[in-house]
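> My structure is below; once you've seen it, I'll send some questions.
The values are calculated or read from the model by the stated rules, or taken from the named source; none is laboratory data. The shown structure was predicted, so the numbers you read here are calculated from the model rather than taken from an experiment. Glycine gets a Cβ as well: all are built from the backbone with ideal geometry, and neighbour counts include every protein chain shown. Just so you know, the surface numbers come from the protein's heavy atoms only, side chains and all, with ligands and any DNA or RNA stripped out. Shrake-Rupley method; radii C 1.70, N 1.55, O 1.52, S 1.80 Å.
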Number of protein chains: 2
Amino acid sequence: MRPENRPDGRTRPSFIEQARRAQIVEAAAETVAEVGYARASLARIADRAGVSKSVISYHFAGGKDELLMQMVSTFFEDTWAHMSERIDAQTTAAGRIRAWVGSQMTYFSAHRTRFLAMVAIVDGHRLPDGSRPFADGMQQELDAVTEILREGQRDGEFRAFDASGFATIIIRATEGVLGRWAEDEETDLDAQTTVLLDFIDHAIRTEAP
Amino acid sequence: MRPENRPDGRTRPSFIEQARRAQIVEAAAETVAEVGYARASLARIADRAGVSKSVISYHFAGGKDELLMQMVSTFFEDTWAHMSERIDAQTTAAGRIRAWVGSQMTYFSAHRTRFLAMVAIVDGHRLPDGSRPFADGMQQELDAVTEILREGQRDGEFRAFDASGFATIIIRATEGVLGRWAEDEETDLDAQTTVLLDFIDHAIRTEAP
DNA sequence: CGATTTTCAGGCCGCATGGCCGAAGTGTAG
DNA sequence: CTACACTTCGGCCATGCGGCCTGAAAATCG
């Protein structure tokens, strides 16, 4: 049986516990990225991690669902840590938009597997009731970008447009370019980032007099 | 046993055959749109269609794979028939880009279920060997848009940019806006289409002198 | 009408899945 | 060394899956 000391906050997670969880999460990501969400079974994940299925059940009492949710949460926090640092360093709205898009690109350029896994799970995973557990997070992302665009409009950096609609477009286009690169190794992501930033810049900036 | 007269081209598909195939395809689309690709089993599809599982096996000898491929093919042909008519009516590259984006929007605005189903299958379905069967179609779409953008650049309608990269952005942004609408019924798709066309227009048109 | 073909329902099979259990292995504190 | 908690393994289970078969119903046709 699994020790039940965590809910009391008594004992910290043991070293081996942290290591195993990280190892399993990584194996799960690789599996999902390679065979897709639908074919990513516990058996395949365990096999890739080099452990037995029971080890996953043991360390993730919530089963497959907890594993996948944990994986997305972990990867998202890493991604956001990378992004927010670069976004906050900017002093203009235009800079923050460029940093948002660019830092997302640079992060995932070093973590292609994580990108593929996150996308596959975010739009493939459903809770038992059929709902999609990551809708909230996507809404928050949208709201944040919308707010930056509104700031830029107030400061005269950007022209008049529907900020919420443009936020959707920018976010989806960014994910789209990443997706294209993730599927086709030939793509030069740095070059495509420049192209996307050029596209966005011309779409949102105040028009030349 | 199923009659084997089709390969010779002898007998045309019976009326009931056509009707059943259409009915099953529609039920499959509704099921996939509602519960997602991973949970869309033959049992659920048959149940929604109000028939037994065997009926699907009977009319789609290739099994689930043939059913899903058939569904995407059918829906894609419908979509493209709607789009190409409107695109070909345009005389300028800018018009064709607007028609591409706009007609895709108007088509799916009347076929939300089909959009959800197509997206779910296109990026969820894998062949037994693990490959993704719709990569070719997406590449063709990309090439076609790229060619329109290059025409516009030759004619001076568009400024200088990476046509292939911009094509990716335009296609993904369009799908993204559709996806946002498909998930959130509140969205006014007509308004968002206008917003997207405005975004694209500012990004690609020749700069004011 | 009867004969023949087409269409269908229900049951069944083999398989993979997610999850669980008991026994064994491993480390550690006293 | 011993006692004990933590970790792992292999095997097992119920469930749902896609696919198939059999026999009956329904349509078609001479």
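> Take the residues of the stretch A:25-42 that are over 16 Å from the mean Cα position of the chain (by Cα) and farther than 21 Å from B:H125 by Cβ: which is farthest from DNA strand C (Cβ to nearest atom)? Show your work before the answer.
Here is the first cut: in the stretch A:25-42, the ones over 16 Å from the mean Cα position of the chain (by Cα) are A:27, A:31, A:34-36, A:38-42.
Going one step further and asking which of them are farther than 21 Å from B:H125 by Cβ, we end up with A:27, A:42.
Values: A:A27: 13, A:L42: 4 Å.
Here the residue is A:A27.
> Right, here's the next one. Condition test on B:E207, is it over 22 Å from A:A33 (Cβ atoms), of a type in the set (D, E, K, R) and assigned to a loop (DSSP other than H, G, I, E, B)?
Details: over 22 Å from A:A33 (Cβ atoms): yes; of a type in the set (D, E, K, R): yes; assigned to a loop (DSSP other than H, G, I, E, B): yes.
Answer is yes for this residue.
> Scan the stretch A:122-150 and report the pairs whose first residue is within 11 Å of chain B (Cβ to nearest Cβ) and whose second residue is of a type in the set (F, W, Y), with Cβ atoms within less than 6 Å and a gap of 6+ or a chain change.
A:G124/A:Y37
> Has the stretch A:128-151 got at least one residue that is of a type outside the set (A, V, I, L, M, F, W, C), under 21 Å from A:A40 (Cβ atoms), open to solvent by 50 Å² or more (accessible area, probe 1.4 Å) and assigned to a helix (DSSP H, G or I)?
no
> To continue, here is another question. Does the stretch A:102-123 contain any residue that is modelled with pLDDT under 95 and either at negative phi or open to solvent by less than 40 Å² (accessible area, probe 1.4 Å) (or both)? Step through it out loud before you land on a result.
Let us first name the residues in the stretch A:102-123 that are modelled with pLDDT under 95, namely A:123.
Within this subset, residues satisfying the condition of being either at negative phi or open to solvent by less than 40 Å² (accessible area, probe 1.4 Å) (or both) are A:123.
Yes - at least one qualifying residue is present in the stretch A:102-123.
> List the number of the failed condition for A:I87; all other conditions in (1) at negative phi; (2) open to solvent by 20 Å² or more (accessible area, probe 1.4 Å); (3) of a type outside the set (D, E) hold.
For A:I87, the failing item is (2).
> What about B:E185, is it at pLDDT below 95, part of a loop (DSSP other than H, G, I, E, B) and within 24 Å of A:D136 (Cα to Cα)?
Against the criterion (at pLDDT below 95, part of a loop (DSSP other than H, G, I, E, B) and within 24 Å of A:D136 (Cα to Cα)), B:E185 qualifies.
Residues are listed down the side, and each one gets a yes or a no for (1) closer than 15 Å to A:I97 by Cβ; (2) touching a Leu at 6+ places or on another chain (Cβ under 6 Å); (3) polar (S, T, N, Q):
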{"position": "A:L116", "(1), (2), (3)": "no, no, no"}
{"position": "A:V119", "(1), (2), (3)": "no, no, no"}
{"position": "A:R126", "(1), (2), (3)": "no, no, no"}
{"position": "A:F134", "(1), (2), (3)": "no, no, no"}
{"position": "A:F161", "(1), (2), (3)": "yes, no, no"}
{"position": "A:W181", "(1), (2), (3)": "no, yes, no"}
{"position": "A:D201", "(1), (2), (3)": "yes, no, no"}
{"position": "A:E207", "(1), (2), (3)": "no, no, no"}
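> Would a scan of the stretch A:154-172 turn up a residue that is more than 12 Å from every other protein chain (Cβ to nearest Cβ) and open to solvent by less than 10 Å² (accessible area, probe 1.4 Å)? Break it down into steps so the answer makes sense when it comes.
We begin by selecting, within the stretch A:154-172, every residue more than 12 Å from every other protein chain (Cβ to nearest Cβ); these are A:154-157.
Cutting the leftovers down to open to solvent by less than 10 Å² (accessible area, probe 1.4 Å) gives us none.
No, because not a single residue in the stretch A:154-172 is more than 12 Å from every other protein chain (Cβ to nearest Cβ) and open to solvent by less than 10 Å² (accessible area, probe 1.4 Å).
> Hey, A:E17 hits all of (1) open to solvent by less than 50 Å² (accessible area, probe 1.4 Å); (2) farther than 13 Å from A:M71 by Cβ; (3) within 12 Å of DNA strand C (Cβ to nearest atom) but one; which does it fall short on?
(3)
> Still on this structure, I have one more. Quick check on the stretch B:179-201. Is at least one of its residues among the polar types (S, T, N, Q), within 10 Å of another protein chain (Cβ to nearest Cβ), open to solvent by less than 10 Å² (accessible area, probe 1.4 Å) and in contact (Cβ under 8 Å) with a residue 24 or more places away in the chain? Don't jump to the end; show me each part of the working.
Let us first name the residues in the stretch B:179-201 that are among the polar types (S, T, N, Q), namely B:187, B:192-194.
Next, from what is left, pick out any that are within 10 Å of another protein chain (Cβ to nearest Cβ): B:187, B:192-194.
Right, trim to open to solvent by less than 10 Å² (accessible area, probe 1.4 Å) and you get none.
No; the residues of the stretch B:179-201 include none that is among the polar types (S, T, N, Q), within 10 Å of another protein chain (Cβ to nearest Cβ), open to solvent by less than 10 Å² (accessible area, probe 1.4 Å) and in contact (Cβ under 8 Å) with a residue 24 or more places away in the chain.
> Here's another thing I want to ask about it. Given the options B:I24, B:I87, B:I16, name the one that is in a helix (DSSP H, G or I), among the β-branched types (V, I, T) and within 8 Å of DNA strand D (Cβ to nearest atom). Outline the logic, then answer.
On the way: B:I24 fails: within 8 Å of DNA strand D (Cβ to nearest atom); B:I87 fails: within 8 Å of DNA strand D (Cβ to nearest atom).
Sole residue among the options that is in a helix (DSSP H, G or I), among the β-branched types (V, I, T) and within 8 Å of DNA strand D (Cβ to nearest atom): B:I16.
> What are the residues in the stretch B:56-75 that are surrounded by fewer than 16 Cβ atoms within 10 Å (Cβ to Cβ) and assigned to a helix (DSSP H, G or I), if any? It would help to see each step written out before you state the result.
Residues of the stretch B:56-75 that are surrounded by fewer than 16 Cβ atoms within 10 Å (Cβ to Cβ), as a first pass: B:58, B:61-63, B:65-66, B:73.
Scanning the stretch B:56-75 gives B:Y58, B:G63, B:D65, B:E66, B:S73.
> Which members of the stretch B:37-55 meet the condition of being of a type outside the set (S, T, Y), open to solvent by 50 Å² or more (accessible area, probe 1.4 Å) and outside any helix (DSSP H, G or I)?
B:A38, B:R39, B:G50
> So, B:A38, is that one within 16 Å of DNA strand D (Cβ to nearest atom) and at pLDDT below 95 or not? Can you show your working first?
Details: within 16 Å of DNA strand D (Cβ to nearest atom): yes; at pLDDT below 95: no.
It is false that B:A38 is within 16 Å of DNA strand D (Cβ to nearest atom) and at pLDDT below 95.
> Can you tell me which residue among B:F60, B:F76, B:F115 is within 13 Å of DNA strand D (Cβ to nearest atom) and either of a type in the set (F, W, Y) or within 30 Å of A:P128 (Cα to Cα) (or both)?
So the residue among B:F60, B:F76, B:F115 that is within 13 Å of DNA strand D (Cβ to nearest atom) and either of a type in the set (F, W, Y) or within 30 Å of A:P128 (Cα to Cα) (or both) is B:F60.
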